[in-house]
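Q: This is the structure I want to talk about, given as structure tokens.
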Amino acid sequence: MSADPNCIFCKIVAGQIPAKKVHEDEQVLAFHDIQPWAPVHILIVPKRHIASMVDVGAEHQALLGHMMVLSGKLMKDLGVRNGYRHVVNTGSDGRQEVPHLHMHVMGGPRPWSKG
Ligand code: 5GP
Ligand code: ZN
């Protein structure tokens, strides 16, 4: 599925809901989390709708690698100098709230509000 009309992140990708974007390319969009845990808290999402890591297959290897490699560049661009955390929540036991695959990337000086 390329877009789910009920999905909040598909709506952000389509520009139907505003977001503070930090990066966009053919494959992904990155934007600031609306309720940040850390001084810098971004989400990197595939533009195509993939519900979660459960739905990822071999055809997504390059996409996931791109998200991981991009995360370091974006943290550097955003001035994060002292390390950062990646979090990917999957499914209900993984406490995933938005069913569109996303990578949280969090950094900046401690203390953080969560995590
Ligand atoms: P999850 O628990 O699914 O891994 O995390 C979803 C994240 O998406 C949460 O950190 C939440 O703050 C963020 N989020 C939910 N809705 C919106 C939104 O409309 N805009 C932005 N920028 N972030 C959102
Ligand atoms: Zn979606």
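Q: Assuming Pro36 fulfils every condition listed in (1) assigned to a loop (DSSP other than H, G, I, E, B); (2) crowded, with 18+ Cβ neighbours inside 10 Å apart from one, which condition is it?
A: Exception for Pro36: condition (2).
Q: For region 54-74, state whether one or more residues are touching a helix residue (DSSP H, G or I) at 6+ places or on another chain (Cβ under 7 Å) and away from ligand 2 (no atom under 15 Å from the Cβ).
A: Looking through region 54-74, none of the residues is touching a helix residue (DSSP H, G or I) at 6+ places or on another chain (Cβ under 7 Å) and away from ligand 2 (no atom under 15 Å from the Cβ).
Q: Identify all residues within region 87-114 that are in a loop (DSSP other than H, G, I, E, B) and open to solvent by less than 50 Å² (accessible area, probe 1.4 Å); write none if there are none.
A: Matches in region 87-114: Asn89, Thr90, Gly91, Gly94, Gln96, Val98, His100, Leu101, His102, Gly108, Trp112.
Q: Return the pair list, or none, for Cβ contacts closer than 8 Å from residues in region 48-65 that are within 16 Å of ligand 1 (Cβ to nearest atom) to residues that are of a type in the set (Ser, Thr, Tyr) and open to solvent by 20 Å² or more (accessible area, probe 1.4 Å), at least 6 apart or on different chains.
A: His49/Ser2; Ser52/Thr90; Met53/Thr90; Val54/Thr90
Q: With the requirement that a residue be within 13 Å of ligand 1 (Cβ to nearest atom) and either open to solvent by less than 70 Å² (accessible area, probe 1.4 Å) or charged (D, E, K, R) (or both), what does region 16-33 give you?
A: Residues satisfying the conditions are Ile17, Ala19, Lys20, Lys21, Val22, Leu29, Ala30, Phe31, His32, Asp33.
The values are calculated or read from the model by the stated rules, or taken from the named source; none is laboratory data. Everything numeric here is computed off the predicted structure, so don't read it as measured data. As a convention, Cβ positions derive from the backbone with ideal geometry for all residues, glycine included, and neighbour counts pool all protein chains shown. Areas reflect the complete protein model, heavy atoms only, side chains present, ligands, DNA and RNA absent. Shrake-Rupley method; radii C 1.70, N 1.55, O 1.52, S 1.80 Å.
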